[in-house]
Every structure is written in structure tokens, then in C-alpha cells.
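Note sheet for the following structure.
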Amino acid sequence: MSTLHPLLDPGTPREAGIIRHLGDADAEFVAAREGAGIFELSHRERLLFEGEDCAAFLNRLLTYEVTGLTSGEGARPFLLDARGRIRAAFNLLCLTAERFWVDTAPGHGEGLCSALDMYHFGERFQTSPLATHTALSVQGAKAKAVLTTAGLPTPERPWS
């Protein structure tokens with residue numbers, strides 16, 4: 001038996017590299033619904049957008065007013081095509097006025113960067129992968145209590 005944490009243990013059962021459950025999936029679902037569940041999201045692609053023109057550039061192209069976000073606030077914007085169809089959907093978190101964390105579905109990061117790059121003509125910003133970072137999602141009725149007990153801040157608004 002391993003003494004490593006399940007998220008770090010290479011012996012933890014994974015499907016396509018993703019931990020789907022740690023045992024009894026039905027019991028885990030009930031526990032997450034009635035208590036709190038912690039979901040590891042390392043399979044998702046994470047990008048960092050940064051530079052002095054980044055917010056204004058994203059604001060022109062996305063379906064959300066990015067320039068109105070303050071540090072710690074986030075959104076679920078869309079990048080639309082010329083016909084108004086969704087080309088990309090992702091999570092966006094404002095770290096500072098010039099730095100944004102982007103979280104997108106596996107395999108969509110490069111496509112998002114390529115789609116945005118079509119409109120990038122001289123604005124001062126860059127994108128880079130955040131392979132050294134991951135995210136955990138705490139969800140459920142007692143999620144706030146879990147975060148408080150761990151000494152972590154609790155979001156005051158959706159997407160923050």
C-alpha cells in the first residue's frame with residue numbers, strides 16, 4: 001500500500017491519465033453532494049496571458065468585459081466566430097490588471113492561442129503554458145467550511 005497522496009501516487013487508478021474515483025464512486029458522489037468533494041484538475045490546460053495590453057485585447061474579442069475584472073475575479077467568457085458561434089469557451093481568472101490565468105479543456109489550449117493570435121497585431125502581451133501549476137476544485141454543501149479549515153480564502157462571488 002502506498003503512503004503517497006492519491007493525487008501524487010502513480011499507482012492511483014487513472015483513466016486516460018485522469019483520476020476518476022478513489023474507490024466507491026457512488027459513495028464519493030454522495031459525500032461530495034452532502035459534504036465536500038475535492039477534484040484534481042491537472043488534466044486541464046492552463047495558460048498565462050500577461051502584458052500591459054492584455055486586458056484591452058481580450059476585452060475586444062471576448063463576450064465578457066475583461067477590463068472590469070479586478071484581482072481574484074474571474075469569468076467564463078467565449079470567443080465567437082464572425083457568425084456569432086462559439087469558437088472557444090474557457091475559465092478566466094484575473095491575477096493582476098496585466099496577468100490572467102486561463103483554464104481550458106484538454107487539447108483546447110493551442111487552438112485558443114491560435115484563434116486569438118489571428119487578431120494579435122502589435123499589442124504588448126504574451127501567452128505561455130502553465131505546466132507547473134494545477135488547480136483543485138472544492139465543491140459541495142460544505143466546501144466553504146473545508147476551505148476555511150484549511151486556512152484558504154473562500155470565494156465571495158461566482159468565478160472568483
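Taking all protein chains as present, what is the carbon and sulfur share of the accessible area of the stretch 40-142, in % to the nearest whole number, probe 1.4 Å?
In the stretch 40-142, the share of accessible area belonging to carbon and sulfur is 51 percent.
Give me the one-decimal nm value for the distance between modelled label points at residue 82 and residue 157, 7 Å along each residue's Cα-to-Cβ direction.
That separation, rounded to one decimal, is 3.5 nm.
Multiply the residue gap between residue 105 and residue 43 by 0.36 nm, knock off their C-alpha separation, and tell me the result in nm, one decimal place.
Working it through step by step, the gained length comes to 21.5 nm.
Give the calculated FRET efficiency between residue 150 and residue 31 to the nearest 0.05, with a Förster radius of 25 Å applied to their Cβ-Cβ distance.
Efficiency computed from Cβ-Cβ geometry: 0.90.
Could you please report the charge total around residue 123, scoring K, R as +1 and D, E as -1 over all other residues with beta-carbon less than 10 angstrom from its beta-carbon?
With Lys, Arg at +1 and Asp, Glu at -1, the neighbours total 0.
Under the rule of -39500 (n - 2.57) per DSSP H run of 4 or more residues, summed and divided by the residues of the chain, what mean residue ellipticity at 222 nm is obtained, to the nearest 500 deg cm²/dmol?
The helix-only estimate for the chain comes to -6000 deg cm²/dmol at 222 nm.
Along the Cα-to-Cβ line of residue 128, 7 Å from the Cα, sits a label point; which residues in the stretch 49-90 have backbone N less than 13 Å from it?
49-51, by backbone N distance to the label point.
Once a ≥ b ≥ c are taken as the square roots of the eigenvalues of the Cα gyration tensor of the chain, is the result rounded (a/c under 1.5), prolate (a/b larger than b/c) or oblate (a/b not larger than b/c)?
In terms of gyration-tensor shape, prolate.
The values are calculated or read from the model by the stated rules, or taken from the named source; none is laboratory data. It should be emphasised that the depicted structure is a prediction, and the values quoted were computed from it without experimental measurement. As a convention, Cβ positions derive from the backbone with ideal geometry for all residues, glycine included, and neighbour counts pool all protein chains shown. We work out accessible area using only protein heavy atoms, side chains counted, and drop any ligands, DNA or RNA first. Shrake-Rupley method; radii C 1.70, N 1.55, O 1.52, S 1.80 Å.
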